[in-house]
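Notes follow the structure.
None of the figures in this text is laboratory data; all of them are computed from the coordinates on show. This one's a predicted model, so the numbers in the text were calculated from it and none came from an experiment. Cβ atoms come from the backbone with ideal geometry, glycine included; neighbour counts cover every protein chain shown.
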Amino acid sequence: MGEFAIGQPVSRFEDPRLLRGGGRYVDDMSLPHMAFGHVVRSPHPHARILKIDTRRARQAPGVIAVLTGEDWLTSGFGDLPTATGKKKRDGSPMYRPKFPAMTVDKARYVGDPVAFVVANTALEAQDAAELVEVDYDPLPAITDTAHAHEDGAPQVYDDCANNICFVYQEGDKDKTDVAIAAADRVIKRRFVISRVTAATMETRGSIGHYDKAADRYTCYTTLQRALNFREELAETLRIPESKLRIVAGDIGGSFGMKSGVFNEVGLVLLGSKVTGRPVKWVATRSESFIADAHGRDNVTEAELALDKNGKFTGLRVRTLYNAGSYTQPGSDSGASSNVGTLAGVYMTPAVHVDVTGVLTNTNPMRPFRGNGRPEAAFVIERMVDIAADEIGMDPAELRRINMIPPSAMPFQTGLSFNYDCGEFEKVLDEALAMIDYKGFEARRAEARKRGKLRGIGMSYTIEKAAAPGYEGAEVRFDRTGSITLIAGSVTQGQGHETVFKQIVADRLGIHPDEIHYLQGDTDQVFLGEGTGGSRTSALGGSAVTSATEKVVDKARKIAAHMMQVDDVEYADGVFTSRKTNRSLSMKEVAKSATNPRNVPKDLEIGLNATAAYHTTRQNFPNGCHIVEVEIDEETGVATLDKYIVVDDVGVVLNPLLLKGQIVGGIAQGVGQMMMEEIRFDPDSGQILTGSFMDYAMPHAEIFPHIDIKSMPVPTKTNLLGVKGAGEAGCVGAIPAVANALVDALTHLGVRDVAMPATPERIWRVIEDAKRGQTA
Amino acid sequence: MHNFNYHRASDVAGAAALLKDVDDGKLLAGGMTLLPTLKNRLAAPSDLIDLAGVSDLKGISIEGDEVVIRAMTPHAVVAASHEVATAIPALAALAGGIGDPAVRHRGTIGGSVANADPAADYPAAIVGLNATVVTNQRSIAADDFFLGLFETALRPGEIITSVRFKNPSRAHYLKFRHPASGYAVVGIMVAQYASGVRVAVTGAGPSVFRVSAMEAALDKSFTPKSIADIAVSADQLMGDIHCSAEYRAHIVKVYARRAVEALTA
């Protein structure tokens, strides 16, 4: 299957259908007699709910039911699942706020669901929602990460002192304290990493359908992990998982945001149970801003210790992590799972990280592309540049002398990561050559003549991908030799269908047109954890590979039996033997395999295989981003002029899709660094960026051509040698762009630019620096 | 969106009559502001009177030293018009930079001018290019048309039929786009006429305004240097989380100078 083989730039099989309007997203689905739900949300960031009067809403045209938190409490359903496992500083268990689908006593963020109206049409539900009268007693609110833990700050939960939800530590504290105390030089900085929202093209949505006759629930929804979703939701509904079916159609982006079981999922199911009709809810864009989970949002203080030669001897990091108003499984992982990224590609022997998660009157949090990786990468890669500036060394050189050499692999960092492989210096050198690093000063001087301040910035980041776990895949041959391929992971646009079909075509010699790809339906998928953390190529890809290997093994035995020989060879979808002129294609074997005559007696008939692939070892994609920016000194407007990436994401399955992942990640990283930010008014607690009129998204026009080169160092941690690529672009982009912006302004005395570096912010640091110099 | 009655007018007189008859009617031009407002339930008119079917309201013509653009002409048509590009290239460029392609194909000059959004582009053209706004009742001079934030001299029932722009000897429009919305944070039209220079600024204040100090300086000497140090006060300007009033004032100064640079280069 040459043109579809692994490694070929195969165009996405999904695209013709999606581009022609053939997508089937939640909002495209319609069930007979379906009703529509509308959520009544708190307009206050923090308020006691004194009374909810639903009488007028119930009498409104088309209304079938109006539900409140009391109805949820008496429904027999339980609370939504919450985060667990962490501890507080004194060793006691982390605070676990109760998480009902609708709040009863207090609203804790702007957007907190307080009632749910079900009507014959979406408009009638929306009209009636305006008639629900909620009597609020507004309370002081805290939205600010830095101050939430302070004495006197408003308390999100009365029984959670200082709003401290949990503390997480990693690394060796004593060793790090000693290293920093003994260091020749210690660089100290504070960083504020902004809160952002995923702003997925498709908003969240769900259809709940309770089939009373079968006593079974079906939920069509936006998600990342079908089977885990079913498990968590079944626990909430207090029913056996077998009484619940989860179906995901096409999903228009998630980036972590859609990975949880959200309030509205519970609401449509309760709505269906109460009304006896399927109930659909789909978020409007405005609703998404106030009701989606957000990402990032931390305040970090870092200290990097160096010896007199510039070698890193210790790194100490303290972070305040905004944990939002409610927790969910995984909502706290941005504070913990990826702090290992802070160790970077460096030999730093002593590292310690201390993270405090604080509850605030803000939206719940979810992983967002990178889930702690970009935050950590930003901190270490900014620190390296700051150190280089302070000791007067070229930032590429400082990275080089501290890098872990291939000879040191496997390498246990001062934190939790144990790198299996990587050739960092080689990748760095290639990146420096690609951008003509040596020629930069000439480009800077040329830009100066045009009145532009040109800067160059790099990052060399590494992150964990495919955390230990498992994934399932199933290959079902039908009687005519075509295939249904069922995967446990779920795509939100990454192109799973394309890559998985490539693997099957490559290994089984079946044309992709004859492979039907199926995912996201818990009645079909037997095993899988889903998508997230850059895991699908490694785990899902290995599961598909493993299933094809099982098929080949069995087909080989059947082919041998049919050809009456004992030494069958298999290549390119064809079985041959030196002892006969006969050959059999995989398709012929599959067609024959349901006839017992063709199958050896010790084998079952048919040619199907399921595979459950699991691994205990993650992989470590890494790479170097170098970017050149130009700043208009008079206005502060920064433009990206050159962008190159050299990455090692292991074996490349499809370079086109890889490039799409890297470019998309870079766009989100640039967005975070230069414009995106969810902001709350510190006094009122109201969201100030509740629409695209105020929340700035990066547009395609701001990006230069992004030049990407892969230098694969295959990993042995999975069957394909791949490393995760879904988050790498975002991880590398944020610090690289930040370093370039600062580099463009260093000569003026500027040492940092706050995130997001908007034109006005850049203009102000330029003005401040100029005043500082003339004063 | 709340429910409303929909009417499709076939001529201006009919639209005006309908507007008078109905309870709380609104004219629908391109709908680029009105429809999002309705969708967000921030307005609930009883009736919408759609002007899309009024053929008299479409088209561009050159009449003497004026470019006449009828009210329902979409921005994309103005941007692509050979007549406009020849007579007042700055006007074609301004129209071609409004919003995005979808907005430019739906949004109309009459709708934009009547709405008087402080961050819209067209007000800078109306005032900077000394235009006359023609309605079904009268003609209104540019300097008398915009009264404040979303406020114009239009009376109830008055319908814009066309806008007449006077050809300048030269003109240039420069816009600083809002990082999020793409609207003008500052949009500045510098136009030179035999009668004098006009400098009109949209986006920065609650309504489009002229910078008389710059106009006087440019009348004396049409050079970038002559206005390089003329600042506008931030006191009357708007600010938001992306661009403060102080920053807008700074951009007005820089962009005015750059517009003159573009014209004198």
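To make sure I understand, if each residue's beta carbon is the centre and we count other beta carbons within 10 Å, what order do A:394, A:385 fall in, fewest to most?
Details: A:394 10, A:385 24.
Neighbour counts put them in this order, fewest first: A:394, A:385.
From the phi angles alone, apply the Karplus equation (6.51, -1.76, 1.60; θ = phi - 60°) to the range B:98-108 and give each ³J(HN,Hα) in whole Hz, x where the residue is Gly or Pro.
So the J values, rounded to whole Hz, are 6, x, 10, x, 5, 4, 5, 8, 9, x, 10.
At most 11 other Cβ atoms within 10 Å and a DSSP loop assignment: could you name the trypsin sites (Lys or Arg not before Pro) in the range A:638-721 that fit? Each step should come with its number before you reach the end.
Numbers: sites: A:642, A:659, A:679, A:709, A:716; in loops: A:679, A:716.
Filter output for the range A:638-721: A:716.
Taking the mean number of other Cβ atoms within 10 Å as a proxy for protection, how do you rank B:32-43, B:77-88, A:349-360 from highest to lowest? Could you put the intermediate results ahead of the total?
On the way: B:32-43: 14.9, B:77-88: 18.1, A:349-360: 24.7.
Packing proxy ranking, top to bottom: A:349-360, B:77-88, B:32-43.
Taking the Cα centre of chain A as origin, work out the dipole magnitude from +1 charges on Lys and Arg Cβ and -1 charges on Asp and Glu Cβ, in debye rounded to 20.
Numbers: 87 positive and 101 negative charges, 286 e Å.
With Lys and Arg at +1 and Asp and Glu at -1, about 1380 debye.
Restricting to Cα pairs below 8 Å that are 6+ residues apart, what does the relative contact order work out to for the range B:58-166? Please round to a whole percent.
Working: 197 pairs, mean separation 30.3, N = 109.
RCO, the range B:58-166: 28 percent.
Lysines near residue B:253 by alpha-carbon distance under 27 Å, same-chain residues fewer than 8 away left out - which ones?
Here the lysines satisfying the reach criterion relative to residue B:253 are A:449, A:452, A:770, B:166, B:175, B:220, B:225.
Based on a Kirkwood Rh over C-alpha pairs, give the Stokes-Einstein translational diffusion coefficient of chain A at 25 °C and viscosity 0.890 mPa s in µm²/s.
Numbers: Rh = 27.8 Å.
Once the numbers are plugged in, D ends up at 88 µm²/s.
Among A:316-324, A:209-217, what's the highest-first ranking by average C-beta atoms within 10 angstrom per residue?
Working: A:316-324: 25.0, A:209-217: 14.1.
Packing order, densest peptide first, comes out as A:316-324, A:209-217.
How much length is gained if the chain between residue A:173 and residue A:445 is pulled fully straight, taking 0.36 nm per residue apart and subtracting their Cα-Cα distance, in nm to one decimal?
On the way: separation 272, 0.36 × 272 = 97.92 nm, distance 4.55 nm.
This chain segment gains 93.4 nm when fully extended.
Which number do you get for Rg(Cα) / (2.2 N^0.38 Å) in the range B:200-265? Mind showing how you got there, number by number?
Numbers: Rg = 12.0 Å, N = 66, 2.2 N^0.38 = 10.8 Å.
The reported ratio for this selection is 1.11.
How many partner chain Cβ atoms sit within 10 Å of a residue's Cβ in peptide A:760-767, on average, as a whole number?
Values: counts 12, 2, 0, 6, 3, 0, 0, 1.
Counting other chains' Cβ atoms within 10 Å and averaging over A:760-767 gives 3.
To one decimal place, what orientation-averaged projected area in nm² is obtained for the convex hull of the Cα set of the range A:397-535?
On the way: hull surface 55.9 nm².
Averaging across all directions leaves 14.0 nm² for the Cα convex hull.
Over 14 Å apart: what share of the alpha carbon pairs of the range B:139-222 falls there, rounded to a whole percent?
In whole percent, the share of Cα-Cα pairs in the range B:139-222 beyond 14 Å is 70.
Step through the residues of the range B:78-83 one at a time and calculate ³J(HN,Hα) from phi using the Karplus curve (6.51 cos²θ - 1.76 cosθ + 1.60, θ = phi - 60°), rounding each to whole Hz and writing x for Gly and Pro.
For the range B:78-83, the Karplus-derived couplings read 5, 4, 8, 6, 5, 4 Hz, x marking Gly and Pro.
If the limit is 23 Å between Cα atoms, which of A:188/A:723; A:426/A:642; A:426/A:709; A:258/A:280 go over it? Intermediate results must be reported in sequence, preceding the final value.
Numbers: A:188/A:723 33 Å; A:426/A:642 21 Å; A:426/A:709 13 Å; A:258/A:280 17 Å.
Over 23 Å apart, Cα to Cα: A:188/A:723.
Enter the mean number of other protein chain beta carbons within 10 Å of the beta carbon of each residue in B:174-181, as an integer. Don't jump to the answer; show the numbers that get you there.
Details: counts 0, 0, 3, 2, 3, 15, 12, 6.
So the per-residue partner count for this stretch is 5.
Would you mind giving the three semi-axes, in whole Å and largest first, of the ellipsoid equivalent to the range B:58-166 according to its Cα gyration tensor?
Values: eigenvalues 77, 50, 31 Å².
In descending order the semi-axes read 20, 16, 12 Å.
Run the numbers on the range B:170-264 and let me know its relative contact order in percent, using alpha-carbon pairs under 8 Å that are six or more apart. Kindly include the intermediate steps, with their values, before the conclusion.
Working: 178 pairs, mean separation 26.4, N = 95.
The value is 28 percent.
Among B:202, B:218, B:237, pick out the residue whose Cα is farthest towards the positive end of the charge dipole of the range B:170-264, where Lys and Arg carry +1 and Asp and Glu carry -1 on C-beta, about the Cα centre.
Checking the options against the dipole of the range B:170-264, the answer is B:218.
Could you point to the residue in B:120, A:466, A:540 farthest towards the positive end of the protein assembly as shown's charge dipole, with +1 and -1 charges on the Cβ of Lys/Arg and Asp/Glu respectively?
Farthest towards the positive end: A:540.
Work out the FRET efficiency for residue A:602 and residue A:565 from their Cβ-Cβ distance, taking R0 = 22 Å, and round it to the nearest 0.05. List each step's numbers first, then the result.
Details: r = 17 Å, r/R0 = 0.78.
Given R0 = 22 Å and the Cβ-Cβ separation, E is 0.80.
Would you mind getting me the FRET efficiency between residue A:511 and residue A:709? Use the beta-carbon distance for r and R0 = 25 Å, nearest 0.05. The partial results should precede the final answer.
Numbers: r = 31 Å, r/R0 = 1.25.
So the FRET efficiency works out to roughly 0.20.
Looking only at Cα atoms, what is the convex hull volume of the range B:5-50 per residue, in Å³?
Numbers: hull volume 2.8 nm³, N = 46.
In the range B:5-50, the Cα hull volume divided by residue count equals 61 Å³.
To the nearest whole number, what is the average tally of beta carbon atoms from other chains within 10 Å of the beta carbons of peptide A:714-721? It would help to have the intermediate numbers written out before the result.
Working: counts 0, 0, 0, 0, 0, 0, 0, 0.
Per residue, the average neighbour count from other chains is 0.
Sequence neighbours fewer than 8 away in the same chain don't count; with that in mind, list the aspartates and glutamates whose C-alpha is under 12 Å from residue A:175.
The reachable aspartates and glutamates, counting only those whose Cα sits under 12 Å from residue A:175, number zero.
Once you keep just the Cα pairs under 8 angstrom separated by 6 or more residues, what percentage relative contact order results for chain A?
Answer for chain A is 15 percent.
What's the center-to-center distance, using Cα atoms, between the range A:704-736 and the range A:548-576 in Å?
One Cα centre to the other: 36 Å.
Would you mind counting up the charge near residue B:34? Only other residues with Cβ under 14 Å from its Cβ, with Lys and Arg at +1 and Asp and Glu at -1. Display every interim value, and only then the final one.
Values: positive: B:26, B:39, B:41, B:106; negative: B:24, B:47, B:50, B:117.
Residues near residue B:34 contribute 0 overall.
Evaluate E = 1/(1 + (r/R0)^6) for residue B:136 and residue A:211, where r is the Cβ-Cβ distance and R0 equals 45 Å; express this FRET efficiency to the nearest 0.05. Mind showing how you got there, number by number?
Details: r = 60 Å, r/R0 = 1.34.
According to the calculation, E is roughly 0.15.
About the Cα centre of the range A:146-248, how large is the charge dipole given +1 on each Lys and Arg Cβ and -1 on each Asp and Glu Cβ? Please answer in debye to the nearest 20. Kindly include the intermediate steps, with their values, before the conclusion.
On the way: 15 positive and 16 negative charges, 102 e Å.
With only Lys, Arg, Asp and Glu charged at Cβ, the dipole is about 480 debye.
Quick check for me: using +1 on Lys/Arg Cβ and -1 on Asp/Glu Cβ, what's the dipole size of the range B:115-213 about its Cα centre, in debye to the nearest 20?
With only Lys, Arg, Asp and Glu charged at Cβ, the dipole is about 300 debye.
At residue A:412 and residue A:5, where each label point lies 7 Å from the Cα along Cα→Cβ, what is the point-to-point distance in nanometres?
Placing both labels 7 Å beyond Cα along the Cβ direction yields 4.1 nm.
Mind checking which of A:638, A:656, A:690 is farthest towards the positive end of the range A:621-704's charge dipole, using Cβ charges of +1 (Lys, Arg) and -1 (Asp, Glu) about the Cα centre?
Looking along the dipole axis, the top candidate is A:656.
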